[in-house]
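Novice: Quick one: this structure, given as structure tokens, is what I'll be asking you about.
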Amino acid sequence: MTAPDAIQAAMDQAVQDGVFPGAVLAVRLHDSLHCLVSTGRLSTDPPGEQVELSTVYDLASLTKPLVTATSLLLLVQGGKLFLDDSIQKYLIELHGFPIGQATIRDLLNHSAGLPGWRPLYERLEAKGMVADQGQPSVVREAVLQLIRDEPLIYGRGERSLYSDLGFILLGLLIERVTGLSLDWQYRKTVAGPLGARPLLFAPMAVVDSETTIECSVNRSRIALTEWDDWRKRLLQGEVHDENAAVLGGIAGHAGLFGTAESVLAVTGAWLRAHRGQSSMLNGELVREFTRRRSEVPQSSWALGWDTSSAPSSSGAYFSPESFGHLGFTGTSVWIDPQRELEVVLLSNRVHPSRKNESIRTFRPRIHDLGFQDFISSHRQ
């Protein structure tokens, strides 16, 4: 494994330019890890330790494909549910409400008619509800009711609008179908079997002595995110997203923490299945989940994954078959099955403030650089 000088220099320069305090970049080609580099520090205010390859980041919306889409694919694969089932079949509280008629497929491709975001945490706080590590069922039920009562803003399937609310519902649906909390079913069915460690929710939770699955991370390994005016503290090891926080840090749209290599453990399963190679995931389902949904007008979304379309955070060179996702905290993953290429970028660009959006221009540049260094050289 090598770290080309140009990539390391670009990562170091991004720190100097204030794109993020620190980051880790992983590039895997033909199932071989060709590049794994780190740069910067865990934080700037206060000054943090150097980022290491094992640094754990808040993955934010990478939770959607890595946890929610992967878990749903396995449930479909196991015959526990079907993509065209209405969600009210499993979340019976939604019967008689417009959102209840939406299908699992609708929610996965962001075409159910839900708004993108609402401050659910503020509404719950106004009702005197505060989440804790036990994630009381009353809080989850209250969140379900808040989304249920949210008016749809367009007709189902008319268009696609990226929605955290839809993936919160999908997370609750997974819990209802499996009878397990989202974090535990993920450890048992995905992270554990794939050896993806650490890849978990609530990374500083107490280790359960009855399981061999790693479920806590030392605080010193975790990159800081932002000062949260709502929680009145600088966040480290706590989910950045407030709506996920009110759910105890465990939700279908956000809450996952991990390293670049642990993310690759899951993306590798998707890539192998897509190419018809040995994988815990069914290849036909993987290709369905990662194919752009042509039935939704002007949408780039597949099922839980986005697809590459100009202009794209994946840059200019990823093939049309590519699929990926971004995370608000400064994370991203892009997979090109045609070239057997996976690129994972983890950063905490929201530290010290989410107002910093310099990563928008950095992402395509680093993907283009990685493509030129690795793909082009392998063609020669």
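Residues are listed down the side, and each one gets a yes or a no for (1) over 30 Å from Ala223 (Cβ atoms); (2) at pLDDT below 95; (3) outside the structural domain of Glu52 (by TED's automatic domain parsing):
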position	(1), (2), (3)
Thr259	no, no, no
Leu264	no, no, no
Gly283	yes, no, no
Phe289	no, no, no
Glu295	yes, yes, no
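Yes or no, residue by residue, for (1) under 16 Å from His367 (Cα atoms); (2) without any contact (Cβ under 8 Å) to a residue 60 or more places away in the chain; (3) surrounded by fewer than 20 Cβ atoms within 10 Å (Cβ to Cβ):
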residue: Met11; (1), (2), (3): yes, no, no
residue: Asp17; (1), (2), (3): no, no, yes
residue: Ala23; (1), (2), (3): yes, no, no
residue: Asp31; (1), (2), (3): no, no, yes
residue: Gly40; (1), (2), (3): no, yes, no
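Novice: Starting from segment 104-131, take each residue that is in the same structural domain as Leu173 (by TED's automatic domain parsing) and list its partners that are among the aromatic types (Phe, Trp, Tyr) and outside any helix (DSSP H, G or I), counting only C-beta distances under 6 angstrom and pairs at least six apart or across chains.
Specialist: Asn109/Trp301; His110/Tyr162; His110/Trp301; Gly113/Tyr154; Gly116/Tyr162
Novice: Failed condition for Leu75, given (1) of a type outside the set (Gly, Ala, Ser); (2) under 23 Å from Val217 (Cβ atoms); (3) not assigned by TED's automatic domain parsing to the domain that holds Phe328, with all others met?
Specialist: For Leu75, the failing item is (2).
Novice: Residues being within 21 Å of Pro311 (Cβ to Cβ) and either surrounded by 14 or more Cβ atoms within 10 Å (Cβ to Cβ) or under 18 Å from the mean Cα position of the chain (by Cα) (or both): count how many of those fall in segment 343-357.
Specialist: Final tally of qualifying residues: 6.
Novice: With the structure loaded, tell me whether Ala26 is part of a helix (DSSP H, G or I) and in the same structural domain as Leu369 (by TED's automatic domain parsing) or whether it fails that test.
Specialist: No: the conditions fail for Ala26.
Novice: In segment 107-123, what residues are assigned to a helix (DSSP H, G or I) and in contact with a Ser or Thr (Cβ under 9 Å, 6 or more places away or on another chain)?
Specialist: Leu107, Leu108
Novice: Collect the residues in segment 64-91 that are part of a loop (DSSP other than H, G, I, E, B) and either in contact (Cβ under 8 Å) with a residue 24 or more places away in the chain or under 29 Å from Ala265 (Cα atoms) (or both), keeping them in residue-number order.
Specialist: Gly78, Gly79, Lys80, Leu81, Phe82, Leu83, Asp84, Tyr90, Leu91
The values are calculated or read from the model by the stated rules, or taken from the named source; none is laboratory data. Remember, it's a predicted structure, so these values are computed and weren't measured experimentally. Using ideal geometry, Cβ is built from the backbone for each residue, glycine included, and neighbour counts are taken over all protein chains shown.
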